[in-house]
Structure formats: C-alpha cells, structure tokens
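Here's the structure, in structure tokens; my notes come after.
The values are calculated or read from the model by the stated rules, or taken from the named source; none is laboratory data. Here the structure is a predicted model, which is why all the values come from computation and not from measurement. Cβ sites come from the backbone with ideal geometry, for glycine too, and all protein chains shown count toward neighbours.
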Ligand code: CA2
C-alpha cells in the first residue's frame, strides 16, 4: 500500500494559471496536482490534493491527516503570514511538513517575509515556482525513507 501525502493549498491558489502569471506562472492548480501525483507514483506515494479559501477548512484537513497521511506539503497562501490556527494544527501533526511558496516571499513586500507555518515546517521552499511542490514531495519521500 503506498503511503499517503496530503498536498494542501490555501486561499486564492485556485486562481493559479488564470491570473498574475508573471508571479505565479502559467500552470493551473489542476496541472500542478497532476504533476505531483505522477511524481508520487514514481516515488511510491499517493498524493491527495486539496485547496480551500477557508482557514477552518485547512485546519480540519490537517486534523484529518493525523494518523492517515505520512506527510503534508502545504502552501498556506496568505494565511502563512497570519494564521496561528494553522500553525497550531500542524504542531499537532506528527509527520514531516514541507512548506511551499511559489514566489520568493523574501523578495516581496515586508509583510510576506514572516510565515507562522515556518516555525513548524521541516523544510521551506520559496521562489522555485510550481516546481517547488515537486521538490517538496521528493524531500518528503527521503524523510520517510530515513
Ligand atoms: O508564493 C506563494 O506561493 C504565496 O504563498 C502565494 C500567496 C501569497 O499571499 C503568499 O504571500 C505567497 C497568494 C496566492 C495567490 O495565488 C494567486 C494565483 C494566481 C492568481 C492570483 C492569485
């Protein structure tokens, strides 16, 4: 049975590929989920991709991942910079967590430089475009092997 990895995307990431391609690229979230899922097959992992614009929904999915998912990849979107609730939920999760930002948040406005989620993340990838999600899955695979 392949281990499950939960891929969580936060607010507005459903617009990926449809708006602001100069910042977030041209791939849709569906394209990204398919690529991550294909890589998962190669790595022997099953990927469950979810997106929500609602903080509480993301918290609920993190709770659901407890005991069912071997790892979490999360792009919390703007909640990265505001959400202690998402940080608390991740602190109650036992497996590896990799935080992904498509853009380099450190090259952008000062309010994007701090992420609450980074205090829990085992790794943070920023500024690698949507390829960051694939890098995150590779990292989860190696952490699960170790
Ligand atoms: O770089 C990232 O991945 C971010 O997490 C994206 C968030 C932003 O608030 C963070 O500071 C950095 C915003 C996601 C918005 O996604 C859109 C995608 C396409 C068009 C419009 C918004």
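Having 1 or more residues that are closer than 15 Å to residue 131 by Cα and more than 13 Å from the chain's Cα centre (by Cα) is the bar; report the helices (runs of 4 or more DSSP H) wholly within segment 8-75 that clear it.
21-24, 29-43
I'd like the residue in segment 1-17 that is within 16 Å of the ligand (Cβ to nearest atom) and either at positive phi or touching a strand residue (DSSP E or B) at 6+ places or on another chain (Cβ under 7 Å) (or both) and, out of all such residues, is modelled with the lowest pLDDT.
This residue is 17.
Please verify whether segment 104-122 includes one or more residues that are assigned to a loop (DSSP other than H, G, I, E, B), modelled with pLDDT of 95 or more and within 22 Å of residue 30 (Cβ to Cβ).
Within segment 104-122, none of the residues are assigned to a loop (DSSP other than H, G, I, E, B), modelled with pLDDT of 95 or more and within 22 Å of residue 30 (Cβ to Cβ).
Considering segment 63-91 alone, what residues qualify as being closer than 24 Å to residue 2 by Cα and out of contact with any strand residue (DSSP E or B) (no Cβ under 7 Å at 6 or more places or on another chain)?
63, 64, 66, 67, listed by residue number.
Output yes when any residue across segment 125-146 is within 16 Å of the ligand (Cβ to nearest atom), under 22 Å from residue 55 (Cα atoms), touching a strand residue (DSSP E or B) at 6+ places or on another chain (Cβ under 6 Å) and part of a loop (DSSP other than H, G, I, E, B), and no when none is.
No, every residue in segment 125-146 fails to be within 16 Å of the ligand (Cβ to nearest atom), under 22 Å from residue 55 (Cα atoms), touching a strand residue (DSSP E or B) at 6+ places or on another chain (Cβ under 6 Å) and part of a loop (DSSP other than H, G, I, E, B).
Of all residues in segment 18-52, which are in contact with a helix residue (DSSP H, G or I) (Cβ under 7 Å, 6 or more places away or on another chain) and within 13 Å of the ligand (Cβ to nearest atom)?
Scanning segment 18-52 gives 29, 32, 51, 52.
Which of the residues spanning segment 15-26 are closer than 15 Å to residue 101 by Cβ and surrounded by 12 or more Cβ atoms within 10 Å (Cβ to Cβ)?
Correct list: 16, 20, 24, 25.
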